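Undergrad: The structure that follows is given in the form of structure tokens.
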Amino acid sequence: NSATGEFPAGWEGEKNISVKKVEGINQLAIDKKGYWFPRQYNQEIKDKFSLSFDLSWDKAMPYYNGLFTVSFGQVLYDNPSEDYRTDLNPSSFWSLYDSYAGNYNRVVCWFDATGNNAGTLQIASYLNNESQVANKKITLPGFFGDKNKHAVTLERKGNNLLVFIDHIKEAEMENAFIPAVRYNIFTFSRYKGSDDAKDVYYLNSINTSY
């Protein structure tokens, strides 16, 4: 419901991206480094949680592009203000999009749409001491180049993460989620990238089920 050229209403994070009209549809243009998330209220990302969205990109995206990133994390939440306390140690959250910092529990999914004859998805799971407990790279046929419009669903099944592209199950990563961790936020980001105007992903139709 946000006007073009504005940061989306009801979102948090770095306010350095905006809504753009693409092919007649208002979409969030992810064309800079940073992380962003729709307003959430400390709900637990547990078994049977799903996050779905439509993702597209510029057909002329450069080969050395930024990676579209989805993360599931455990972040301190202040109930009175209804805010995630990303302000307490902002450099920790650089790990979502640029420098390696972290020190919080998270599952990070990096999508790359410029692979050779296929896209790729890399999933890594970290403890709050930065130990990596799982890492997997997945090939996504048909998710690259001018095949640039897809419906994506990420679903938690037990401790596993399921990945659906256009309603087809493409992967299941075992033990992505740590049982003792209460994941309570999902974020979108662009990992690194360039200043090329074609280095852009478009995001819309975001839905969740808890």
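Undergrad: When the chain is fully extended, how far beyond the present Cα-Cα distance does SER91 get from TYR210, taking 0.36 nm per residue of separation?
TA: Working it through step by step, the gained length comes to 39.9 nm.
Undergrad: Oh, and also: Tell me, what is the per residue accessible area of segment 1-127 in Å², probe radius 1.4 Å?
TA: Heavy-atom accessible area per residue stands at 46 Å².
Undergrad: Restricting attention to the alpha-carbon atoms of segment 14-112, what are Rg (one decimal) and Dmax (integer), both in Å?
TA: 15.1, 46
Undergrad: A follow-up question, please. Give the calculated FRET efficiency between GLU130 and VAL22 to the nearest 0.05, with a Förster radius of 35 Å applied to their Cβ-Cβ distance. Numbers along the way, then the final one.
TA: Values: r = 37 Å, r/R0 = 1.06.
For GLU130 and VAL22, the calculated efficiency is 0.40.
Undergrad: In addition: Give the carbon-plus-sulfur fraction of the accessible surface of the chain in %, rounded to a whole number; probe 1.4 Å, heavy atoms of protein chains only. It would help to have the intermediate numbers written out before the result.
TA: On the way: 4550 of 9980 Å².
Whole-percent figure for carbon plus sulfur exposure: 46.
Undergrad: For the chain, set up a Gaussian network in which alpha carbons nearer than 10 Å are linked by springs, and say which option among GLY66, GLY34, GLY158 fluctuates the most.
TA: Comparing GLY66, GLY34, GLY158 in the GNM, the peak value goes to GLY158.
Undergrad: Using Cα centres only, tell me the gap between segment 1-40 and segment 50-74 in whole Å.
TA: Value for the Cα centre distance between the two parts: 14 Å.
Undergrad: Could you check which residue among PHE49, PHE177, PHE68 shows the biggest mean-square fluctuation in a GNM of the chain with a 10 Å Cα cutoff?
TA: In this elastic network of the chain, the residue with the biggest mean-square fluctuation among PHE49, PHE177, PHE68 is PHE49.
Undergrad: Scan (1) 16.1, 50; (2) 18.9, 64; (3) 28.8, 107 for the value of Rg and Dmax of the Cα atoms in Å calculated from this model and give just the label.
TA: Here Rg and Dmax of the Cα atoms in Å agrees with entry (1).
Undergrad: Looking at the chain as a GNM with Cα springs under 10 Å, which of GLY24, GLY119, GLY13 has the largest mean-square fluctuation?
TA: Of the options given, GLY24 has the highest mean-square fluctuation.
Undergrad: Cα centroids of segment 117-176 and segment 179-210: how far apart, whole angstrom?
TA: Comparing the Cα centres of segment 117-176 and segment 179-210, I get a distance of 13 Å.
Undergrad: Okay, moving on. Can you give me the distance in nm between label points at LEU76 and ALA60, each placed 7 Å from the Cα along the Cα-to-Cβ direction?
TA: The answer from the label model is 4.7 nm.
Undergrad: Right, here's the next one. Would segment 84-202 count as rounded, prolate or oblate if I go by the C-alpha gyration tensor, calling it rounded below 1.5 in a/c and otherwise prolate when a/b exceeds b/c, oblate otherwise?
TA: Oblate, because a/c is 1.5 or more while a/b does not exceed b/c.
The values are calculated or read from the model by the stated rules, or taken from the named source; none is laboratory data. Everything quoted here is computed from the prediction, not taken from an experiment. Neighbour counts run over all protein chains shown; Cβ positions are idealised from the backbone, glycine included. Ligands, DNA and RNA are excluded from the accessible area calculation, which covers all protein heavy atoms including side chains. Shrake-Rupley method; radii C 1.70, N 1.55, O 1.52, S 1.80 Å.
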